[in-house]
Amino acid sequence: MSKTIYCDKCLKEIKVRDDLVTSTLLFEVIPYHEDCYTKDLKGIKTLFLDNQPLNGFSGNVLFFLAIIIAIGWIVIAEGSLKWLSLLAIVPIGYRLYSYYNFERYIPS
Ligand SMILES: [Zn+2]
């Protein structure tokens with residue numbers, strides 16, 4: 001099963017995993033070339049575009065931090081506050097969405 005991933009800015013195919021940056025724009029996960037992402041970050045879209053990529057090293061660090069926070073919170077929080085751990089699950093969901101919808105289709 002394969003799927004071609006197109007950059008949201010230049011609309012060209014993203015061929016290499018290292019060149020892929022995924023981020024969220026108005027809660028939607030969007031694929032970019034690394035260069036295109038940088039350009040959009042400097043443009044008008046920066047108001048809505050998350051300046052933290054979902055994938056790559058920093059994205060993975062945040063992913064693991066979010067898991068630790070979510071689990072830690074479930075363990076330490078009082079019963080009625082446990083739902084707040086859902087806030088930490090949101091970035092986990094974005095990260096998984098990015099992987100399943102974009103990253104796994106692009107060879108590294
Ligand atoms: Zn592009």
Being part of a helix (DSSP H, G or I), farther than 20 Å from residue 94 by Cα and either within 13 Å of the ligand (Cβ to nearest atom) or at pLDDT 95 or above (or both), is that true of even one residue in the range 19-35?
yes
Scanning the range 1-57 for residues that are in contact with a strand residue (DSSP E or B) (Cβ under 9 Å, 6 or more places away or on another chain), of a type in the set (Ser, Thr, Tyr) and free of Cβ contacts under 8 Å to residues at least 24 places away in the same chain gives 38
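Starting from residues that are more than 13 Å from residue 55 (Cβ to Cβ) and of a type in the set (A, V, I, L, M), keep the ones in the range 1-18 and report whichever is nearest to the ligand (Cβ to nearest atom). Give the derivation first.
Narrowing the range 1-18 to residues more than 13 Å from residue 55 (Cβ to Cβ): 1-4, 6-13, 15.
Restricting the remaining residues to those that are of a type in the set (A, V, I, L, M) gives 1, 11.
On the way: 1: 24, 11: 7 Å.
Looking at residues that are more than 13 Å from residue 55 (Cβ to Cβ) and of a type in the set (A, V, I, L, M), I get 11.
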Subset of the range 1-19, residues exposed (fewer than 15 other Cβ atoms within 10 Å of the Cβ) and touching a Cys at 6+ places or on another chain (Cβ under 8 Å), comes to 10, 13
Picking from 39, 45, the residue that is within 22 Å of residue 12 (Cβ to Cβ), more than 17 Å from the chain's Cα centre (by Cα) and not β-branched (Val, Ile, Thr) would be 39
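Okay, residues lined up against (1) more than 14 Å from the ligand (Cβ to nearest atom); (2) touching a Phe, Trp or Tyr at 6+ places or on another chain (Cβ under 9 Å); (3) assigned to a helix (DSSP H, G or I); (4) of a type in the set (A, V, I, L, M, F, W, C):
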| site | (1), (2), (3), (4) |
| --- | --- |
| 38 | no, yes, yes, no |
| 41 | no, no, yes, yes |
| 65 | yes, no, yes, yes |
| 70 | yes, no, yes, yes |
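The values are calculated or read from the model by the stated rules, or taken from the named source; none is laboratory data. Not measured: the values here are computed from a predicted model. Reconstructed Cβ throughout: ideal geometry from the backbone, glycine too, with neighbour counts over all protein chains shown.
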